[in-house]
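What follows is one structure encoded as structure tokens, with my remarks underneath.
Taken together, the values in this text are just the output of simple stated rules run on the coordinates, not laboratory data. Note that the structure is predicted; figures quoted are calculated from it, not measured. Positions of Cβ are generated from backbone atoms using ideal geometry, with glycine treated the same way; all protein chains shown enter the neighbour counts.
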Amino acid sequence: MLNLRLFFIFKKAGKKIYFRLKRIGLARKLILYHTCVLIILVTFFGIYYYNSEKKSVESDIIKLIRQSSESIKMQIKRNIEICDKTVQSIISNEKFIHLISQKEEPDTLTVFEFFRNDIRHIQNITNINPDIHQLRIFLDNPHFPQMWRTVYKEEEMIEKDYIRSRFTHRNTSYWSFNHPGSIQSDEKSLDKVSLYKQIRYSVNRHIGIIEISMLSDIFWGDLYSQNQSGELMVCFLDSENNLIINNQSIFLKKYGLNISELSKTLVESNEIEPYYFSLDKNEMILMKDEIEELGCSMFFIYSTEPLIQKLSSIGKIVIIVCALVILLMSAVTYFITSTLLKKIKVIIAAMRKVQKGNLDVQIPIAKDDEIGELSYHFGSMLEKINELIFNLVRKEKTTKDAEVRALLSQINAHFIYNVLENIRMMAEINYQDEISDALTSLGNLMRYSMSWKRRNVPLKEEIEIVKDYISLVNIRYDNQIQFRLDMEKEIMQCEILKMSLQPIIENAVIHGLESKKEKGNLLVSGRRTDKKIHIEVVDNGTGMSKDTLEQIRGKINTIPDNKEGKRSGIGLANVNERIKLYYGNEYGLEIMSAKGYYTKVRMTIPYQ
């Protein structure tokens, strides 16, 4: 019963809120909606920022660990290299190896020379490298005398059998970590790291062991100094899973870590990348690295306690900043919304004028925001509409002008066709073949130019009319014009604007070849490149200077009005304008010329 009553109460309250929201103005609705959206966005941003900062802090910690790892590895590898080079310098002494491998007792002079030269050389190595704590040679030769601090018999070694068991055919060296010493007289309070290298004579004969030692706190580099930090601890596991750690570490004492449990966790760790783990109710970050030369694993353990404290401070800051941003942005939203509504009313008024047919509307809003951009594009759209209307009128006017020019030159077309046909028949009857062919070409040319039932014709038809024109011109110039055609077959059926190629040929004859005294050449070629066709008309006429060429290029961009009646044909300017109107500004005519050499006109049209 109570639940049902609560349901009706909430339902009634929801209806009241809905109707109140419905009655309030658009400005308040926008402010309310924007504020709600802003709260959601700021909340998500705060969460995202907090997570980003968390990742950044974790990344800094991992970077610190990696830097520490590289630093310690470099120090350890340096110490390993010192030990290796020292051992190699001794083993590479063939005279020394030959001497200690002898089975009979050496004479006094040989021993003296050995002590004066070789032993002093070995002792100098430790003097040159102060990091080396001890360098000793243990010989499996009962006849060779012992020399205190340097040469001993293998029987003196405490773990001789264990160390020798580590040597194999492939492995002649062994590392021992944090051990007290190799002979009874060593100081037990000093932990050392030692490299044991087997000395062999020939291949399989064992003659001794070289021991080179460093104190543990020197060999392990920053292991002990790093362990003095209360946040980071470094430790190692050898090949036998023995834990190498500084028992005096502040880290161990601060978090009360159990060394046996820690050792077990490290042994079970197989991850190379840093990861979180829990130890004795403490959250830690663990990163593992390998020191292949020693067969050891190096571990970095970082406590997450400083990380949690830092993230807690960041979380408080994020909450405060988000609250301030919400208050500030709500006020800004109120101001912007009021301004936008005023601009929208101006745009609506302009649209109503356009609806009534007024296309010259100007919207006085600057392009400062989205509303201003909307008004700008609306104005651009009106300009584009006006431009399209203007171009459509121009296109129709240009076409009509071309048709009118053709009609003006037509004086009773049927009468002329009939007269030309009668004259041609008379020429054939009287066996005047040249006159008959000329009249046929003239009739074809006039019939083609006077008929405008089609705007586009196949390129092949335009070429045929060009041939007729050339044959008529050669009657006048006594066959002084040599015409050549070089067209790709695939473009011969391509559509081209009617009477667009013939005016170019006529221009080449009149202005290029007419004044040439010797024979003239006229080449018409055509090629297709992708979706375009390039048709070139080249003559070897008089050409033109650079200034004249620039003037001609400027003139072809305007249509001659022909008011003076100087010519009735369609000029280059008209051809160029028609091509651009029908196909676009990327198409049209290009003119190239050199004074006294040639003139080339290139027509570019789409492949259709």
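Here are a few things to note about the model shown:
- Rounded to whole Hz, the Karplus (6.51, -1.76, 1.60) HN-Hα couplings of region 318-335, x for glycine and proline: 4, 5, 5, 5, 4, 5, 5, 5, 4, 5, 5, 5, 5, 5, 5, 4, 4, 5
- Spin-label proximity, Glu383 to region 328-353 - amide N less than 19 Å from point 7 Å beyond Cα toward beta carbon: 347, 350-351
- Reachable aspartates and glutamates from Lys343, criterion Cα separation under 20 angstrom, eight or more residues apart if same chain: Asp360, Asp368, Asp369, Glu370, Glu373
- Close amide H contacts of Met147 (hydrogens built in the peptide plane, cut-off under 5 Å, sequence separation of 5 or more or a different chain): Tyr152.
- For Glu211, Glu536, the sequence from fewest to most other C-beta atoms within 10 Å is Glu536, Glu211.
- Extension reserve of the Phe115-Ser330 stretch, reckoned as 0.36 nm per residue once the Cα distance is removed: 68.2 nm
- Extension gain for His143 to Glu105 (0.36 nm times residue separation, less C-alpha to C-alpha distance): 13.2 nm.
- Residue-by-residue Karplus 3J(HN,Hα) for region 522-529, coefficients 6.51, -1.76, 1.60, Hz, glycine and proline x: 10, 10, 10, 10, x, 9, 10, 10
- Only the Cβ atoms of Lys and Arg (+1) and of Asp and Glu (-1) were treated as charged; on that basis the dipole of region 93-219 about its Cα centre amounts to roughly 340 debye.
- Cross-link pairs exceeding 18 Å between alpha carbons, from the set Lys489/Lys532; Lys253/Lys281; Lys467/Lys580; Lys254/Lys288; Lys73/Lys254; Lys467/Lys532: Lys467/Lys580; Lys254/Lys288; Lys73/Lys254; Lys467/Lys532.
- Kirkwood Rh, Cα atoms: Rg over Rh of region 478-606: 0.96
- Using the Cβ-Cβ distance between Leu374 and Ala323 with R0 = 35 Å, the FRET efficiency computed as 1/(1 + (r/R0)^6) comes to roughly 0.55.
- Here region 299-325 is scanned for amide nitrogen atoms under 20 Å from the site 7 Å beyond the Cα of Ile47 along Cα-to-Cβ, giving 311-325.
- Take every pair of alpha-carbon atoms less than 8 Å apart whose residues are at least six positions apart; their mean separation over the length of region 31-146 yields a relative contact order of 23 percent.
- Listed from fewest to most Cβ neighbours within 10 Å, the set Met603, Met147, Met544, Met381 follows the order Met381, Met147, Met544, Met603.
- Summed residue charge, Cβ within 13 Å of Glu283's Cβ, Lys/Arg positive, Asp/Glu negative: -3
- Within a straight-line Cα-Cα reach of under 18 Å, Lys460 can be paired with the following aspartates and glutamates, leaving aside sequence neighbours fewer than 8 residues apart in one chain: Asp468, Asp486, Glu488, Glu490, Glu495, Glu506, Glu536.
- Straightening the chain between Val354 and Arg553 buys 67.6 nm, computed as 0.36 nm per residue apart minus the Cα-Cα spacing.
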